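Below you'll find the structure, written out as structure tokens, and then a few comments.
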Amino acid sequence: MTPDQVSAFFDAGESFVEGTIAAALVALWLLVVALHLARPYMVTNLRKFTLRLGADLWWIIYVGARDIFLVQVFLGSFIFFYPDVVKGRDLPITGGLAAACAFAVLVIKLVTQGDADRRWFQVQTLLLGLGATLYIVPYLLGVQVTQIGTPSGNQLASIFVSSMNTNWSLPLSYISAAIVGALGLVAVGYNLRQTVSRPRGHA
């Protein structure tokens, strides 16, 4: 193979992986929102168990799956923090902001009592709904309509697809990365304070 062929091969592989991640994030966002909203159902069924072990396993599996899928959404959304990817691939223009919403929920789970605090649980619900909307709507109205080829579809794509609207997509990528960075500093600071304030004699 010539160097040009090798380069084209890796470019095609990179494009395939990034396109697959972008498509999978739609399903992951829907799953995360569904699991979050399913909490009342899970709590209701929790009370039906006659054995404490069964109830504990039910709740652990639910909480673990819900949070793991949320982490996967954030990790998959890392492609939106790379300006060259945002500029060169057909991605939802607000995917980075959706990733920031997902990370904000993770930070809230860290620094608060989580589900036990109703107010913060409602904030999590709003952030997840906002994140899902910011990702799924431009993906469906922008990325998917690029395959249609109609004038109206091309007009929508020019607004919602990152590679076709770099005047907005690149600044949004930088803003999203800054938000995630600030939230990361909050999480690090919280963990450091927890370590310093821990009583002596505790590991």
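The values are calculated or read from the model by the stated rules, or taken from the named source; none is laboratory data. Bear in mind that the values here come from a model prediction, so they are computed numbers and not experimental data. Positions of Cβ are backbone-derived with ideal geometry, glycine not excepted, and every protein chain shown enters the neighbour counts.
For (1) basic (Lys, Arg); (2) surrounded by fewer than 20 Cβ atoms within 10 Å (Cβ to Cβ); (3) closer than 19 Å to Ala178 by Cβ; (4) in contact with a Ser or Thr (Cβ under 6 Å, 6 or more places away or on another chain), each residue gets a yes or a no:
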position: Val105; (1), (2), (3), (4): no, no, yes, no
position: Leu110; (1), (2), (3), (4): no, yes, no, no
position: Leu130; (1), (2), (3), (4): no, yes, yes, no
position: Leu134; (1), (2), (3), (4): no, no, yes, yes
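Could you grab me the full set of residues in the stretch 18-49 that are loosely packed, with under 15 Cβ neighbours inside 10 Å, under 27 Å from Ser162 (Cβ atoms) and aliphatic (A, V, I, L, M)?
Scanning the stretch 18-49 gives Ala23, Ala24, Ala27, Leu30, Ala34.
Run down Val137, Val143 and say which single residue is touching a Pro at 6+ places or on another chain (Cβ under 9 Å) and at pLDDT below 90.
Working: Val137 fails: at pLDDT below 90.
Of Val137, Val143, the one residue that is touching a Pro at 6+ places or on another chain (Cβ under 9 Å) and at pLDDT below 90 is Val143.
Every residue in the stretch 50-87 that is more than 22 Å from Val32 (Cβ to Cβ), surrounded by 14 or more Cβ atoms within 10 Å (Cβ to Cβ) and among the hydroxyl-bearing types (Ser, Thr, Tyr), please.
Once the filter is applied, which keeps residues that are more than 22 Å from Val32 (Cβ to Cβ), surrounded by 14 or more Cβ atoms within 10 Å (Cβ to Cβ) and among the hydroxyl-bearing types (Ser, Thr, Tyr), the stretch 50-87 yields only Tyr82.
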